[in-house]
Structures are given as C-alpha cells and as structure tokens.
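Chemist: The structure that follows is given in the form of structure tokens.
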Amino acid sequence: MGMQSMQEHYPVMAGEVIEYLAVRPEGTYADCSTGLGGHARRIAGLLTTGRLICLDRDAESLEKARLQLAEFGDRIAFRQSLFSQLRQTLASLGVEKVDGMVADLGVSRYQLTDPDRGFSLMVDGPLDMRMGRGEGPTAADIVNFSSENQIADIIYTYGEERRARKLARAIVRTRPHRTTLALARVIEEAAPRTGKLHPATRTFMALRMAVNRELEELEALLDQASEALATGGRIVMLTFHSLEARIVKTRFQQWARDGRASLLTKHVVRPQQEEVRRNPASRSAMLRAAQIEEPQSTRDGEK
Ligand SMILES: C[S@@+](CC[C@H](N)C(=O)[O-])C[C@H]1O[C@@H](n2cnc3c(N)ncnc32)[C@H](O)[C@@H]1O
C-alpha cells in the first residue's frame, strides 16, 4: 500500500476525533491541519448543508487534499494558513464562528517521507524541515548559524535529549551541514546508539519543532480557538509530544476554570491497541477535547 493511501486510510484516532467533534450536519467546521485530508474526509462525509474549512501551512499537501476531496465540491473551502492566522483566515472566508475544529499536530507521513523536505534521518535530503516550503529559516540555517548554546537548548528542550550539550558541540565542530544523513552520522558518532531509537531521532525532532515554531504556533492556535468557536462548539486536539500535550492540557484547564469551556476528556485519550498495531505511528497520540460554554453574563441574565 502506498504512503498516500495509508494516510487516507489511517488518520490517527479518526473514530475518537469524530466522536468528540459531534459533527452537526448543518454546522461549520475547521480542520486546522488538513494534511492529505483523512480527518477532513470523515467530517465532510457527515455534513449536509454544513461547511468544512480545510487549512494547512503546506500548500502542496492542501493541493493533494483538494484532489482527494473533490467529490465534496464547494462544501469544503481550502486555504493555506498557519495556526497563528486562524482568525484572519476564517474572516477572509466570511466565517465568524465555527461549530468545531480539529488539529492533528506534527508532520504528515507524506511530508516525512519526501526526501526533498529533509525531515527523515532514513533518506538523504537537504536539511530543510520546513512544513511549508519557503516559510522561514531551515534546519541547515539553525545548525550552521546558531550558537552552540542555542543549538544545545533546542535539542535539550524540544528533544528532551540528555546528551544535548555533547551533540551541540559535535554539530558546531563539524559544520557546515547540508544533508540529513551527514548530520545523522555526526550525531551517531558523537553519541553511539544505546537503545532501539536512532541516536539522532530526538535531535531531528527538536530541529523540526524549532524550524516550524511548533509550540509557538500551538499557543497561537489556542489563543484564537476559544474566540473562533461558537457557544457549544467543540475543539479536538491530537498531540504527539509531551510539551504539546502539556500546553493543551493547561489551556483547557484554564478555560474550564474561567467558565469558558467544559472538558470533554477528563484524562487524555490514547489510541486503542488495535489501531497502534495497524498504524504504529499512532502510538504516541494523545487526544483532548473541550466544549465552549455559554458566556457567564448570558447565563446570569437568564436566571
Ligand atoms: C499529522 S498531519 C495531519 C494529517 C491529517 N489529519 C490527515 O488526516 O491526513 C499535520 C499537518 O498539519 C500541518 N501543520 C502543522 N503545523 C501547522 C501550523 N502551525 N499551521 C498550519 N498547518 C500546520 C502540516 O503541514 C501537516 O500537513
């Protein structure tokens, strides 16, 4: 089975995403991380008069999704957009509020396995790692022009890698770096393999998170989400990294304390064993969902 169809068949925790989103057939929904449209297809399939807005920072993925979802016609609008541009993008479509939104974080398998994008330490490619082509500094810019301390901080914080200082030293000593495999080798020499993971796995993930400003983007999405959602609207977040998971958990709890939202998931929801067996990439998925409450002032007014 090709990678493309795998994406199509196995969007992560699709059943749970749909369950928590509780799609209303006439509602307006946003998929903030469309990728190749796996979740989007399931949402669109439940709409009658409703609309789905498909967003992604990656124009190429969005174009593929557009082809895959052509049968839904103008029920779906596609827009290239960062999480941090959510409100502005919705406004440009004349949409003030949505009834639900989903964000499935990270890179897609399609992006990960494209050697040109330089995400993978298994295939050689330029050290790029930008999810949207032409966005900002690449992974090569970071490893070649940042200070040793900055590189160590990135690897330590985002990669949760204990050997960060040692790796940063080796990276700086051997620069410039141009390709993924050459960098992976430098890291492997500095920190030989101990367990099952390739020694460069955490460093690559950390660089990817820095290049794409992933935590900042997530914060910006959550900053705008509660405003963008209608009363009763639902947000479903799929995270794959402990720092992301913590940001979502903290923000949802804050909303609950402020009376802005209620938690639909008391604890994080993990994929079923059967899904992990079928699609090992789902194993680290963590789902949380919340529902926007009626503003306090309206509720008081009704008493
Ligand atoms: C894991 S994939 C989503 C897969 C999709 N749910 C599916 O079923 O095919 C994540 C997607 O989110 C996009 N993305 C990640 N961060 C983003 C951001 N800050 N703004 C917009 N899109 C983002 C990536 O380009 C990628 O296509």
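The values are calculated or read from the model by the stated rules, or taken from the named source; none is laboratory data. Predicted model only: the values in this text are computed from it and were never measured. Cβ sites come from the backbone with ideal geometry, for glycine too, and all protein chains shown count toward neighbours. Ligands, DNA and RNA are stripped out before the accessible areas are found, and what is left, the full protein with its side chains, is counted by its heavy atoms. Shrake-Rupley method; radii C 1.70, N 1.55, O 1.52, S 1.80 Å.
Chemist: Would you mind checking which residues have amide H under 5 Å from GLY232's amide H? H placed 1.01 Å from N; only 5 or more apart, or other chain.
Modeler: Sorted by chain and number, the residues that satisfy this are ILE292, GLU293, GLU294.
Chemist: While we're here: Convert each backbone phi in the range 232-237 into a coupling constant with the Karplus relation 6.51 cos²θ - 1.76 cosθ + 1.60 (shift: θ = phi - 60°), then list the ³J(HN,Hα) values in order as whole Hz, x for Gly and Pro.
Modeler: Values per residue, Gly and Pro as x: x, x, 10, 10, 10, 10 Hz.
Chemist: Pairing the Cα long axis of helix 164-173 with the longest principal axis of the chain, what angle in degrees results, from 0 to 90 and rounded to the nearest 10?
Modeler: Its long axis makes an angle of about 60 degrees.
Chemist: Considering only the chain, what is the antiparallel percent among its DSSP beta bridges, to the nearest 5? It would help to have the intermediate numbers written out before the result.
Modeler: On the way: 11 of 29 bridges.
Here the antiparallel bridges make up roughly 40 percent for the chain.
Chemist: I want to verify a result. In a Gaussian network model of the chain, Cα cutoff 10 Å, which of these has the top mean-square fluctuation: ALA70, ALA220, ALA44?
Modeler: Evaluated over the chain, the most mobile residue of the options is ALA70.
Chemist: Once the mean 1/r over all distinct Cα pairs of the range 39-107 is inverted, what Kirkwood radius in angstroms do you read off?
Modeler: The Cα-based Kirkwood calculation yields 12.6 Å.
Chemist: Could you list which residues have their amide H under 5 Å from that of PHE78, counting only those 5 or more apart in sequence or on another chain, with H placed in the peptide plane?
Modeler: Hits under the 5 Å cutoff: CYS54.
Chemist: So what is Rg over Rh here for the range 180-298, counting just Cα atoms and using Kirkwood for Rh?
Modeler: Over the Cα atoms of the range 180-298, Rg/Rh equals 1.10.
Chemist: I'd like the projected area of the range 217-272, averaged over all directions, using the convex hull of its alpha carbons. Report it in nm² with one decimal.
Modeler: So the Cα hull casts an average projection of 4.1 nm².
Chemist: A further question on this structure: Just the number please: accessible area per residue for the chain, 1.4 Å probe, all protein chains included, in Å².
Modeler: Per-residue accessible area for the chain comes out at 48 Å².
Chemist: Next question, about the same structure. Using the Cβ atoms and a cut-off under 9 Å, what net charge is assigned to the surroundings of ALA140, where Lys and Arg are +1 and Asp and Glu are -1?
Modeler: Every neighbour counted, the sum reads -1.
Chemist: OK, next. With n ≥ 4 as the cut-off for DSSP H runs, can you work out [θ] at 222 nm for the chain, using -39500 (n - 2.57) per run divided by the number of residues, rounded to the nearest 500?
Modeler: So the helix-based figure for the chain works out to -13000 deg cm²/dmol.
Chemist: Related question: Output ³J(HN,Hα) for the range 70-84: one whole-Hz value per residue in order, computed from phi by the Karplus curve 6.51 cos²θ - 1.76 cosθ + 1.60 with θ = phi - 60°, and x for Gly and Pro.
Modeler: In residue order, the calculated couplings are 4, 4, 8, x, 7, 5, 10, 10, 10, 9, 6, 7, 7, 3, 5 Hz.
Chemist: Okay, next question. Mind grabbing the base-10 log of I(q)/I(0) for the range 136-211 at q = 0.21 Å⁻¹? Debye formula, identical points on the C-alpha positions, no solvent, two decimal places.
Modeler: -0.83
Chemist: Could you grab the relative contact order for the chain? Cα pairs under 8 Å, six or more apart, rounded to a whole percent.
Modeler: Relative contact order for the chain comes out at 17 percent.
Chemist: Over every pair of different alpha-carbon atoms in the chain, take the mean of 1/r and invert it; report that Kirkwood radius in Å.
Modeler: Numbers: mean 1/r = 0.0494 Å⁻¹.
One decimal place: 20.2 Å for the Kirkwood radius.
Chemist: Okay, moving on. In degrees from 0 to 90, rounded to the nearest 10, what is the angle of the helix 148-159 Cα long axis to the longest principal axis of the chain?
Modeler: 50 degrees
Chemist: Go ahead and set up a Gaussian network model of the chain, Cα springs under 10 Å, then flag whichever of VAL17, VAL248, VAL269 fluctuates most.
Modeler: Fluctuation is largest for VAL269.
Chemist: Under 13 Å from the Cβ of PRO115, count the other residues' Cβ atoms, weight Lys and Arg +1, Asp and Glu -1, and hand me the total.
Modeler: Details: positive: ARG117; negative: ASP114, ASP116, ASP124, ASP128.
So the surrounding residues net to -3.
Chemist: Specify the angular offset, from 0 to 90 degrees and rounded to the nearest 10, of the alpha carbon long axis of helix 201-211 from the longest principal axis of the alpha carbons in the chain.
Modeler: Result, in degrees: 60.
Chemist: Heavy atoms only, probe 1.4 Å: what % of the accessible area of the chain goes to carbon and sulfur, would you let me know?
Modeler: Looking at the chain in its full context, I get 49 percent from C and S.
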